[in-house]
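Below is one structure; the comments refer to it alone.
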Amino acid sequence: MGKIAQDLMAEARAFLAECGPLVADFIAPWAPELPERALNAASLPCLQYLDACAASAEGGPGEELARLLAERGQRLHWGQTYAASDFGQDFIDNYGWLELVGTRGHFADDKVACGFLLLGPGLHYPDHHHEAEEIYIPLTGGALWRKDDGEFAARTAGEIIHHPSNINHAMTTNDDPLLALYLWRGGPLAARSTITGRAD
C-alpha cells in the first residue's frame, strides 16, 4: 500500500502547487517528506463510483488524481464520520472520505489535513460547519454547493471553494457522483462536523 499512497501524495502535491496563493498558504507547513503510516485497506460501498468519477474528470485539472483513485483507491484506507442513525442507510452507502494527510491519514501531519470526499449521485450532504477552515476543490463538475445563507450553485472541476471557520455549507449531487479534494487547517483535524440541516 505504501507505493499507492506515495504516488497519490506526489500527484496531490503537484496538483495543489498549481491551485493559487490560498492553497499555497494552506500547504506551506508541509515538510518535503511527511511521515507515512501503515494503514490497512478499508473499502466502502461508495467506491463503486470511482470509475465514473475518473471518466467525468477526463480532460480536467484533476484527471490524474481521479484516475489514480479509480485504479488503486480500493486498496487505501477509506472512512466515514457519520452512521446510518444520522442520515439513513442510503446516505451511508453513498458517502465516504479518504484522508491522505492528517492526524489519521496515510501521511502524518497535525497542522493540515488533506484528502478526498466521494458522494454518490442523487445525494444531499446537509448544512454543517466545523471549527477548521476548509478548502474544497471538485475534481468532477455538476454538483451544487451552498455556503452560509447563499443559494445552491453549480461549481466546476478545479474551482476553489473556501469555507471559513464555522461557516455553514452543504452539497447536493444530481445524476453524477462527486469527487472532491479537501484541505482543513486551524481546528481539530479529526473533529466531527456540527450538523444544522437535514439529509432529506
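The values are calculated or read from the model by the stated rules, or taken from the named source; none is laboratory data. The model shown is predicted, which means the values in this text are computed figures rather than measured ones. We place every Cβ from the backbone using ideal geometry, glycine too, and count neighbours over all the protein chains shown. Accessible surface is based on the protein model in full, side chains and every heavy atom, while ligands, DNA and RNA are left aside. Shrake-Rupley method; radii C 1.70, N 1.55, O 1.52, S 1.80 Å.
A single member of E11, E36 is in contact with a strand residue (DSSP E or B) (Cβ under 8 Å, 6 or more places away or on another chain), of a type in the set (D, E) and surrounded by 15 or more Cβ atoms within 10 Å (Cβ to Cβ), and it is E36.
Filter the stretch 149-170 for residues that are β-branched (V, I, T) and either in contact with a Gly (Cβ under 6 Å, 6 or more places away or on another chain) or within 16 Å of P126 (Cβ to Cβ) (or both) and give the result. If the condition is that a residue be β-branched (V, I, T) and either in contact with a Gly (Cβ under 6 Å, 6 or more places away or on another chain) or within 16 Å of P126 (Cβ to Cβ) (or both), then T156, I167 are the ones that fit. The set of residues from the stretch 83-117 being without any contact (Cβ under 8 Å) to a residue 60 or more places away in the chain and of a type in the set (S, T, Y) comprises S85, Y95.
Residues of the stretch 173-189 that are closer than 17 Å to Y95 by Cα and open to solvent by 50 Å² or more (accessible area, probe 1.4 Å): N174, D175, D176. Within the stretch 23-50, residues that are farther than 15 Å from T103 by Cβ have Cβ atoms under 9 Å from residues that are modelled with pLDDT of 95 or more and loosely packed, with under 13 Cβ neighbours inside 10 Å in these pairs: V23/A17; A24/A17; I27/A17, counting only partners at least 6 apart in sequence or on another chain.
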